[in-house]
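The values are calculated or read from the model by the stated rules, or taken from the named source; none is laboratory data. Every value quoted in this text rests on a predicted model; they were computed, and no experiment measured them. Reconstructed Cβ throughout: ideal geometry from the backbone, glycine too, with neighbour counts over all protein chains shown.
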Amino acid sequence: MKPFLEVSHLNAWHGAAQILFDVSLHVGRGEVVALLGRNGAGKSSTLKAIMGLMPRREGELHFDGQDLTHMQAFEVARLGLGYVPEDRRIFTDLTVLENLTLAKQNARYDHRQRVLSDWTLEKLFDLFPNLAAMQNRQASHMSGGEQQMLSVARTLMGNPLLVMLDEPSEGIAPAIVSRMSDMVVTLKRQGVSVLLSEQNLDFAHAVCDRTYMIEKGELSELVKLMDDPRI
């Protein structure tokens with residue numbers, strides 16, 4: 001499978017402290033890939049560095065044939081790379097519907113004018129029925145799991161071709177985790193690529209095609225979830 005997202009020898013720093021060391025990974029079209037590791041291992045930093053949110057980074061990053069290396073985050077997003085941060089970053093003083101409407105972008109097409117991504121409110125409410133029932137609820141009055149669903153749905157309104165999910169199952173109820181798992185599988189069926197960081201092995205095993213392990217900012221070889229003695 002030809003890489004859709006390809007990261008080679010990625011290094012990143014917080015101030016003078018280097019936190020990522022020659023990280024290399026790839027994600028194919030319609031593929032779901034997990035980045036596994038403990039807290040502080042470098043999972044979130046890897047996603048932020050790919051997105052252009054780290055203050056300093058070096059390496060080679062390509063997405064859908066485009067060089068991301070010197071792009072800012074808004075330029076990366078325009079190419080179709082979506083990012084759902086661990087802390088959600090929704091507008092808590094706005095309603096569910098307002099959060100989603102603000103994020104709406106035009107549909108994406110290929111060179112033959114075939115639709116690649118065209119998320120509508122109706123499609124998102126089919127994917128997240130809970131959100132359909134609380135369209136006029138202020139986001140600050142939602143549970144953590146509901147806010148997580150809203151954060152994902154808001155990102156999808158930007159019609160990304162690849163979505164990066166940072167700890168999507170962290171701190172949410174098991175029932176919501178199950179819905180998040182169904183959501184990732186649905187995205188894959190619709191041709192959306194997914195790169196997610198996770199500590200929940202059961203969640204990762206349920207949705208992912210491949211996995212990487214990261215520890216102290218260094219990526220190990222590709223691993224099988226059920227066979228690797230380290231996890």
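Regarding the range 31-42, can at least one residue be identified that is touching a Phe, Trp or Tyr at 6+ places or on another chain (Cβ under 6 Å), assigned to a strand (DSSP E or B) and not charged (D, E, K, R)? Even if it seems obvious, please write down each step before you answer.
Residues of the range 31-42 touching a Phe, Trp or Tyr at 6+ places or on another chain (Cβ under 6 Å): 35.
Then drop every residue that is not assigned to a strand (DSSP E or B), which leaves 35.
The next check asks that each one be not charged (D, E, K, R); those that pass are 35.
Taking every residue of the range 31-42 in turn, at least one turns out to be touching a Phe, Trp or Tyr at 6+ places or on another chain (Cβ under 6 Å), assigned to a strand (DSSP E or B) and not charged (D, E, K, R).
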Among the residues of the range 160-179, how many are in contact with a helix residue (DSSP H, G or I) (Cβ under 9 Å, 6 or more places away or on another chain) and in contact (Cβ under 8 Å) with a residue 60 or more places away in the chain?
-> 8
Answer with yes or no whether N11 is of a type outside the set (A, V, I, L, M), modelled with pLDDT of 95 or more, within 20 Å of the chain's Cα centre (by Cα) and within 14 Å of K216 (Cβ to Cβ).
-> yes
Of all residues in the range 69-96 being surrounded by 15 or more Cβ atoms within 10 Å (Cβ to Cβ) and closer than 13 Å to M142 by Cα, which is nearest to the chain's Cα centre (by Cα)?
-> R88
Just to be sure, is F74 hydrophobic (A, V, I, L, M, F, W, C) and either at pLDDT 95 or above or more than 19 Å from K188 (Cβ to Cβ) (or both)?
-> yes
2 or more residues over 16 Å from the mean Cα position of the chain (by Cα) and within 28 Å of W13 (Cα to Cα): qualifying strands (runs of 3 or more DSSP E) within the range 140-222 | 210-215
Identify all residues within the range 157-186 that are among the aliphatic types (A, V, I, L, M) and either out of contact with any strand residue (DSSP E or B) (no Cβ under 7 Å at 6 or more places or on another chain) or at pLDDT below 90 (or both); write none if there are none.
-> M157, I172, A173, A175, I176, V177, M180, M183, V185
Restricting the first residue to the range 125-145 and requiring it to be at negative phi and surrounded by 12 or more Cβ atoms within 10 Å (Cβ to Cβ), which pairs with a second residue that is hydroxyl-bearing (S, T, Y) and assigned to a helix (DSSP H, G or I) meet a Cβ separation below 7 Å and a spacing of at least six or different chains?
-> L127/T186
